[in-house]
1. Do we have GLY338 as over 24 Å from TRP94 (Cβ atoms) and either within 11 Å of the ligand (Cβ to nearest atom) or open to solvent by 10 Å² or more (accessible area, probe 1.4 Å) (or both) here?
2. Counting only residues that are on the phi > 0 side of the Ramachandran plot and open to solvent by 10 Å² or more (accessible area, probe 1.4 Å), which one in segment 348-379 is farthest from the ligand (Cβ to nearest atom)?
3. Filter the strands (runs of 3 or more DSSP E) completely within segment 319-413 down to those with at least 3 residues that are under 16 Å from GLY11 (Cα atoms).
4. Quick check, is ASP193 open to solvent by 50 Å² or more (accessible area, probe 1.4 Å) and touching a Lys or Arg at 6+ places or on another chain (Cβ under 7 Å)?
5. On the basis of being open to solvent by 10 Å² or more (accessible area, probe 1.4 Å), farther than 25 Å from ALA313 by Cα and among the hydrophobic types (A, V, I, L, M, F, W, C), does ALA385 make the cut?
6. Can you give me the number of residues within segment 234-288 that are within 14 Å of the ligand (Cβ to nearest atom), part of a strand (DSSP E or B) and among the charged types (D, E, K, R)?
7. Does at least one position in segment 113-124 carry a residue that is modelled with pLDDT of 95 or more and more than 30 Å from SER407 (Cα to Cα)?
8. Contact list please: Cβ distance under 8 Å, first residue in segment 35-56 and modelled with pLDDT under 95, second residue within 7 Å of the ligand (Cβ to nearest atom), pairs at least six apart or on different chains.
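The values are calculated or read from the model by the stated rules, or taken from the named source; none is laboratory data. Note that the structure is a prediction, hence the values are computed from the model and not measured. With ideal geometry, Cβ positions are generated from the backbone for all residues, glycine too; neighbour counts draw on all protein chains shown. Remember, those area values only see protein heavy atoms, side chains included, never the ligands or the DNA or RNA. Shrake-Rupley method; radii C 1.70, N 1.55, O 1.52, S 1.80 Å.
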Amino acid sequence: MKRSVIVLGAGMVGVGSALHLLERGHDVLLLDRKTPGRETSYGNAGLIQREAVEPYPLPRETGELFQHAFGLSAAVSYHWRAMPTLIPRLAAYWCASSPKRYARIAREWSTLIAHATSEHADWISRAGAQGLVKHTGFRLGFSHATSYAKGLEKARHFHDTYGVQFQALDSDALSAAEPALTRRFVGSVHWTDPWAVNDPGALVARYADMFVREGGRLTTGDATTLRQTAKGWQIITADGPQEASDVVVALGPWADDLIRPLGYHLPLFVKRGYHRHYKVDRQLTMPLLCADDGVMLAPMAAGLRITTGAELALRDAPPSPVQLAKAEKIAARTLALGAPVEPAPWLGARPCTTDMKPVIGAAAHHRGLWFNFGHAHQGFTLGPASGRLLADLFDGSTPFIDPVPFSPRRFEA
Ligand SMILES: Cc1cc2nc3c(=O)[nH]c(=O)nc-3n(C[C@H](O)[C@H](O)[C@H](O)COP(=O)(O)OP(=O)(O)OC[C@H]3O[C@@H](n4cnc5c(N)ncnc54)[C@H](O)[C@@H]3O)c2cc1C
């Protein structure tokens, strides 16, 4: 039966939800305070990560933890002032990263990521966005023999367990394949399944254009004006008040601003990240992750985008330039890095949950309230697949994967 639904948030996850609901014949209004794809879904490394079959655990090896705790690695940095707020979240994340719990979480997570590229494929061609996407995969460059050995071991495990494809390259093979490199890596793992998008925000915008072309309505407004009414939900938009029987919260790192006042205290937190574009005379042929440093170098339409690892800080705390400065030094050691394109770095926040899985499904205590957020490091990848799962649950049809591991109810005692 056709229902009216308001989707709050037009990042990759909101647009993915809106498109799937529209395809099922529902009357869909998509709302954002900005134009689609201008926040986290704009600022990422642009990878559609079919290889990301296991989520990021909190390191449990003492050496790695020590490096992170004292800011010795460029992959993770901290705002010490945020720690009193973040410690309960990090403690829960630590527990979820125990080998036994993590094995189960990874199995569950892999069922969703298995559909990453296939769920984007049809939309990319229908949206006429083929020019934004390259099927190159991406490479990991290792600086040390020990980390390369570990990287290869992990690649073989992903291949044997999940069927993910990769190629190993030694130092010479990597230098030959990537002439822009000025640095010798010890070796490389080339994940061949992922896709690389050279303007992630533009892909979201193309999907949103397709949504409107196919009959969806797009508007601007503040999601926090949402109110429950006798018939369903009402929100104030630039086009006046709008009503619907159902509402989907797809607000990424801002989801908590809406759901907490409604009484949902989910274990959410953010891992912030920076990017900046740089001019280069010679571009990389595909994205390269400097694996020992957690620094990604991604060729984009706007230049070479350097993206950083995780900054554990409060979402709205002022930017701290430390991590990007470290990343810039690493990039300058890796290739001939030119001047920055923008006057200041971009800062965004990965929307995370303590059990590393997104929250997808019906809210426990409000009729017609749906959640789709918390996709952490892979929301750009997972928007279409998690939109399908949400739409399956919304319609009461047989879900295309088991929805229980992603249910909002999993956090209820
Ligand atoms: C540095 C970095 C690199 C990354 N690299 C990758 C990658 O290569 N591949 C990958 O898959 N993922 C990557 N990610 C993660 C990915 O970007 C996120 O998981 C994803 O973008 C989350 O999408 P979203 O739609 O949930 O959130 P968003 O894209 O942030 O969308 C939320 C929307 O809600 C809107 N909104 C918020 N509050 C309100 C309000 N009150 N009223 C109205 N609208 C509101 C915002 O304007 C925004 O458009 C990376 C993240 C970072 C930070």
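1. Details: over 24 Å from TRP94 (Cβ atoms): yes; either within 11 Å of the ligand (Cβ to nearest atom) or open to solvent by 10 Å² or more (accessible area, probe 1.4 Å) (or both): yes.
Spelling it out, GLY338 is indeed over 24 Å from TRP94 (Cβ atoms) and either within 11 Å of the ligand (Cβ to nearest atom) or open to solvent by 10 Å² or more (accessible area, probe 1.4 Å) (or both).
2. Filtering segment 348-379 for residues on the phi > 0 side of the Ramachandran plot gives 356, 361, 368, 374, 376.
Then keep just the ones that are open to solvent by 10 Å² or more (accessible area, probe 1.4 Å); that gives 356, 368, 376.
Numbers: MET356: 12, GLY368: 19, ALA376: 6 Å.
Here the residue is GLY368.
3. Details: elements: 346-353, 359-362, 369-373.
Here the list reads 346-353, 369-373.
4. Numbers: open to solvent by 50 Å² or more (accessible area, probe 1.4 Å): no; touching a Lys or Arg at 6+ places or on another chain (Cβ under 7 Å): yes.
When the stated conditions are applied, ASP193 does not pass them.
5. Numbers: open to solvent by 10 Å² or more (accessible area, probe 1.4 Å): no; farther than 25 Å from ALA313 by Cα: yes; among the hydrophobic types (A, V, I, L, M, F, W, C): yes.
Taking the combined requirement at face value, the residue does not satisfy it.
6. Count: 3.
7. No - not one qualifying residue is present in segment 113-124.
8. TYR56/ALA376; TYR56/HIS377
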